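Trainee: Sharing a structure here in structure tokens format.
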Amino acid sequence: AKAVIDQGLLDTFLDQKERFGKENTRNKANRDSLVYVMYTSGSTGKPKGVMIENKSLVNYITDLSKLDGSKSSNTVLISNISFDASLRQFFLPLIWGNTIHVYDLLNNLKTLPLYIYNNNIGLLSGTPSILKEVLDLKESSKLFNKIKLLISGGEKLEETLISKINNILDSKALIVNAYGPTEYCVNASNAKIDGKDSLIHVGPPISNTQVYILDSDHNLLPKGVAGEICISGDGLARGYLNRPELTREKFVPHPFTKGQRLYKTGDLGRWLPDGNIE
């Protein structure tokens, strides 16, 4: 895999490279080793560091790699690296040996469709707000036949945006609505969106992931009844960095599987009859 990087960033790195050691470090990492800490404030406004382990990231990227269009697609990195959506823009092309284009979206939004066209970008990922800005550009017709996989996440996906996406992209492009908190490695569920769907949902859980709709006493609720979305599985974070009390409050003992934990998202949802989550 390779990355296309701004020359200024590259020059900065080259100027500082002599500061770094030249000896290979010994690899002591395993599946339970910490791979990153991502800070999120959620609805509280007070940042907290979420500790994610290797197995969680591997599980997430492995699941993504099964999506149509992921294998042959170069991608454009438009998300800030402090936002966990950047992980799919970075790691998915890496495992397939494709190219990552690091793009300055803040200063070059208007030229993004043309950049995608000229560089054969097949994977586009962003929040609905960002995707709407891109698709509203008069140059957005350049995306037709180029984008093979479009992933929306981080915000609610509206029906009007789905309609716009379907009007611009090739009918063979796969559109995915992703849902999940930072506390569960990027996404806990993915929905493949069909333009004919009458109800926007967030799909079923991804691989090795369990989603429960529970009442306030941690009892399972039947299909169609709204309750708190709670998540367990390989993507679950280790907890909050240096916040043991908050970790115990949000990552509770699993009520149905001894020795495991459950993350309480605070989000309301319900099971639909077809096995998807709304």
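Trainee: Can you list residues from other chains, or at least 5 along the same chain, whose modelled amide H is less than 5 Å from the amide H of G239?
Mentor: M51
Trainee: Mind checking which of L131, P222, N27 is farthest towards the positive end of the chain's charge dipole, using Cβ charges of +1 (Lys, Arg) and -1 (Asp, Glu) about the Cα centre?
Mentor: Final value for the positive-end residue is N27.
Trainee: Can you give the FRET efficiency to the nearest 0.05 for Y115 and Y39, using r as the Cβ-Cβ distance and R₀ = 35 Å?
Mentor: 0.75
Trainee: Please check which bits of region 27-58 a label hung off L246 would reach, taking the label as a point 7 Å along Cα-to-C-beta and the cut-off as backbone N under 12 Å.
Mentor: Under 12 Å, as judged by backbone N against the label point of L246, lie 38-51 of region 27-58.
Trainee: I've got another one for you. Evaluate the charge dipole of the chain about its Cα centre and quote only its size in Debye, nearest 20, assuming +1 on the Cβ of each Lys and Arg and -1 on the Cβ of each Asp and Glu.
Mentor: It comes to approximately 600 debye.
Trainee: Semi-axes, largest first, in whole Å: what does sqrt of 5 times each Cα gyration tensor eigenvalue give for region 93-235?
Mentor: With the √(5λ) rule applied to region 93-235, the semi-axes are 32, 17, 13 Å.
Trainee: Let me ask something else. Can you pull the semi-axes for the chain, root of five times each eigenvalue of the Cα gyration tensor, sorted largest first, whole Å?
Mentor: Output for the chain: semi-axes of 31, 27, 16 Å.
Trainee: Given an 8 Å cut-off on Cα distances and at least 6 residues of separation, report the relative contact order of the chain as a percent.
Mentor: 16 percent.
Trainee: In addition: Quote the relative contact order of region 153-223 in percent (integer), defining contacts as alpha-carbon pairs under 8 Å separated by 6+ residues.
Mentor: Rounded, it is 23 percent for region 153-223.
Trainee: Let me ask you something else. Only Lys, Arg, Asp and Glu count, each charged at its Cβ (+1, +1, -1, -1), so figure out the dipole size of region 27-168 about its Cα centre, rounded to 20 debye.
Mentor: For this selection, approximately 200 debye.
Trainee: Taking the inverse of the average 1/r across all pairs of different Cα atoms in region 1-113, what Kirkwood radius in Å do you get?
Mentor: Here the Kirkwood hydrodynamic radius works out to 16.6 Å.
Trainee: Now for a different question. Suppose only helical runs count, i.e. DSSP H with n ≥ 4. What mean residue ellipticity at 222 nm does that imply for the chain under -39500 (n - 2.57) per run, divided by all residues and rounded to the nearest 500 deg cm²/dmol?
Mentor: -6500 deg cm²/dmol
Trainee: Another one. Taking H as built 1.01 Å from N, whose amide H comes closer than 5 Å to the amide H of S189, not counting residues under 5 places away?
Mentor: The list, which skips near neighbours in sequence, is Y179, I206.
Trainee: Kindly rank 56-69, 206-219, 174-187, 121-134 from highest to lowest mean number of other beta carbons found within 10 Å of each residue.
Mentor: In decreasing order of mean packing, 56-69, 206-219, 174-187, 121-134 become 174-187, 121-134, 56-69, 206-219.
Quick note: the coordinates plus some simple rules give every number you see, no bench work behind them. Quick caveat, the model's predicted, so the values are computed rather than measured. Glycine gets a Cβ as well: all are built from the backbone with ideal geometry, and neighbour counts include every protein chain shown.
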